[in-house]
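First comes the structure, then the notes that go with it.
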Amino acid sequence: MLTFTELGLSPNLLKGIEDLEFKKPTPIQEKIIPIIFSSENDIIGLAQTGTGKTAAYGLPIIQNIDFEDNSVQALILSPTRELCMQIAGDMVKYSKHIKGFEVVAVYGGASIENQIRALKKGAHVIVATPGRMLDLIKRRAAKIDKIRTVVLDEADEMLNMGFREDLDSILETTPKAKRTFLFSATMPEEVARISKNYMQNATTVTIGTQNSGAENVKHIYYQVHARNRYLVLKRIADYNPDIYGIVFCRTRMETKEVADKLIKDGYNADALHGDLSQSQRDHVMKRFRERTLQMLVATDVAARGIDVSDISHVINYNLPDDLDVYTHRSGRTGRADKSGISISIVNYREKSKIPSIEKAIKKKMERQPVPNGNEICQRQLFKMIDKMEKVEVDELQIAPFMDVVNKKLEWLSKEDVIKHFVSLEFNRFLEYYKNAPDLNEKDSDKYDDGGGRGRSDRGDRRSRSDRGGRSERNDRGERGERGERSGRENRSDSYNRSDRGERTDRGDRQDRGERTERRRPEKGGYVRFFINVGKKDKLLPKNIIGLVNDYAKDRDINIGEIDMKDSFSFFEVGEKHAEKVLSSFKDGNYKGRKIVVEQAEAVGSSKKKKVRTKRGK
Ligand code: AMP
């Protein structure tokens with residue numbers, strides 16, 4: 001293992017590295033720095049962010065700057081504004097003891113005039129997003145005809161984000177005699193094309209296995225019903241009180257919903273997605289970087305620029321379809337020798353994606369049981385006790401009050417004091433998790449429609465005996481107030497409706513064949529439907545939910561009240577899905593019997609809003 005000195009770095013750079021407390025080079029630095037210094041080759045670095053690649057190319061670039069020459073000597077292209085700022089910031093830190101080194105970051109979403117002004121003052125290195133760079137080249141504000149090095153950082157991300165043409169245009173304006181360093185976590189065809197077209201004599205350096213998740217990342221998954229995803233997320237947060245993580249969601253809408261619920265439920269979370277203005281995004285990111293925010297709920301696109309070290313957990317709220325997306329997500333943790341955990345909340349259907357992810361990351365994803373109430377309480381209790389042990393006691397400050405306090409507590413033994421103290425802090429938590437249900441989905445949880453049509457992710461709750469004879473209250477999902485936690489920014493101790501696992505609650509009541517209460521009214525309301533099957537057909541409300549989900553091929557339909565009669569039933573569907581549900585039942589059958597679904601009169605209303613199906617029904 002080489003030291004930074006042995007890699008041939010100059011004394012002033014070594015001082016900068018020392019200030020940053022980098023003790024030894026990371027594997028990519030150890031491999032790449034000597035290639036840059038001892039050859040003229042281009043380099044393809046297959047490496048995740050978090051491997052130390054910025055320093056791997058950044059340190060030699062700074063060392064090779066010709067300070068006699070005031071032109072731009074290196075161009076670093078990266079996919080996002082955040083990453084640009086991060087890279088430029090790193091370069092400033094590395095060059096702290098090098099006089100006169102200038103690096104300028106340019107990116108979209110910020111004033112181009114200011115950037116032009118900064119460039120006019122002179123830059124040895126430009127760090128840029130492709131779009132803004134091209135714009136500046138066209139305005140003749142950035143001259144890159146003398147550059148000696150081009151770095152394509154996170155090349156796969158740049159191409160994913162649609163920068164292909166911009167990259168081609170920029171690369172075509174660069175001089176022929178230059179070196180190109182391309183870094184990418186994955187090597188899709190498009191990246192291979194860039195390397196073929198624009199690179200010569202490239203040495204490929206692979207850190208970790210190509211396409212693999214970071215070495216230090218442990219991959220686990222919880223298999224649960226889709227309807228319980230949010231409850232599981234809360235369990236994850238409660239089980240890991242020191243969590244500092246990113247929760248990845250599929251859509252902006254889901255990102256907002258999950259973050260809103262977490263905030264309402266008193267968790268220290270916020271959302272990052274494309275609907276936010278740049279200044280809102282900056283604000284969220286600042287809080288996350290400063291660790292004021294524990295959980296960032298983000299879409300993949302919004303999270304692209306996030307380059308934050310020490311992320312303890314990546315949570316996949318659902319499994320992505322694209323393997324590279326999983327690799328990128330999990331690569332956000334386990335950086336720079338730190339360990340990290342990638343947790344996926346997986347429903348039965350998504351489970352089939354696991355083998356291909358395992359193949360891509362060349363690691364096993366371990367199925368673990370969702371932490372139960374007891375385990376969570378133990379963790380929280382331990383954290384609290386630990387905090388209590390470590391609290392700094394200012395003898396002088398508390399001395400004047402101790403007499404009164406001691407007198408007041410005279411009647412309690414030491415053991416009692418401890419019990420009271422624990423209860424004081426902890427009762428709420430215990431209460432919340434006292435009868436928390438098992439959220440694990442069992443492989444045997446099958447959709448039971450008697451016809452063997454597969455399974456439903458909703459409404460298929462196990463029988464009471466299956467759950468070890470817990471009380472009825474127990475069946476109602478996670479009730480009660482969540483334990484108060486210290487350090488939560490957005491604490492809201494009022495017990496929130498959405499917090500109650502109401503789907504679970506409803507599922508149980510439905511299992512008992514009762515008329516159920518509508519869940520939180522959906523925006524725009526519900527449409528009520530008649531269906532020609534009922535209790536006589538040995539159907540339970542959960543089977544109706546299953547039928548709706550299966551026919552509409554959508555597991556996220558908001559189903560409201562279900563009213564089971566003997567030979568027919570009524571069910572409600574959120575307005576936005578009504579048309580889809582109605583048309584999907586055309587030609588439907590249940591155990592060989594034709595299913596008839598028609599729009600019904602809304603309860604308590606003489607009018608009904610007509611749902612139009614695409615067939616004009
Ligand atoms: P990067 O992959 O360049 O984004 O680096 C990931 C993180 O590792 C950054 O926070 C760097 O500051 C840190 N880092 C880079 N090189 C080293 C090193 N040799 N020792 C310790 N930390 C490092």
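Scanning segment 1-44 for residues that are outside any helix (DSSP H, G or I), of a type outside the set (S, T, N, Q) and more than 10 Å from the ligand (Cβ to nearest atom) yields Met1, Leu2, Glu6, Leu7, Gly8, Leu9, Glu40, Asp42, Ile43, Ile44. When every residue of segment 315-325 is checked against the conditions, at least one turns out to be among the charged types (D, E, K, R), within 23 Å of Ala226 (Cβ to Cβ), surrounded by fewer than 22 Cβ atoms within 10 Å (Cβ to Cβ) and within 19 Å of the chain's Cα centre (by Cα). Taken over segment 46-81, the criterion of being near the ligand (Cβ under 10 Å from one of its atoms) and either of a type in the set (D, E, K, R) or touching a residue at least 60 places away in the same chain (Cβ under 8 Å) (or both) is satisfied by Ala47, Gln48, Thr49, Gly50, Thr51, Gly52, Lys53, Thr54, Tyr57.
All conditions but one from (1) assigned to a helix (DSSP H, G or I); (2) surrounded by fewer than 18 Cβ atoms within 10 Å (Cβ to Cβ) apply to Val232; the one that does not is (2).
Restricting Val391, Val422, Val404 to those that are within 35 Å of the chain's Cα centre (by Cα), outside the structural domain of Lys353 (by TED's automatic domain parsing), modelled with pLDDT of 85 or more and of a type outside the set (Ser, Thr, Tyr) reduces the list to Val391.
Which members of segment 275-318 meet the condition of being of a type outside the set (S, T, N, Q), touching a residue at least 40 places away in the same chain (Cβ under 8 Å), more than 16 Å from the ligand (Cβ to nearest atom) and in contact with a helix residue (DSSP H, G or I) (Cβ under 8 Å, 6 or more places away or on another chain)? Passing the criteria: Leu293, Met295, Leu296, Val297, Ala298, Asp300, Ala302, His313, Ile315, Tyr317.
Would you be able to say whether some residue in segment 372-386 is under 23 Å from Val314 (Cα atoms) and outside any helix (DSSP H, G or I)? Yes; the residues of segment 372-386 include at least one that is under 23 Å from Val314 (Cα atoms) and outside any helix (DSSP H, G or I). Leu77 meets the conditions (1) surrounded by fewer than 16 Cβ atoms within 10 Å (Cβ to Cβ); (2) modelled with pLDDT of 95 or more; (3) within 26 Å of the chain's Cα centre (by Cα) in every case but one. The failed one is (1). Every listed requirement among (1) more than 26 Å from Ala185 (Cβ to Cβ); (2) in a helix (DSSP H, G or I); (3) of a type in the set (S, T, N, Q) is met by Thr54 save one, (1). No other residue among Asp166, Asp156 is touching a Pro at 6+ places or on another chain (Cβ under 7 Å), farther than 22 Å from Asn70 by Cα and crowded, with 21+ Cβ neighbours inside 10 Å apart from Asp156.
The values are calculated or read from the model by the stated rules, or taken from the named source; none is laboratory data. Keep in mind it's a predicted model, so treat the numbers as computed, not measured. Don't worry about glycine lacking a Cβ; one is built from the backbone with ideal geometry, like all the others, and counts go over all protein chains shown.
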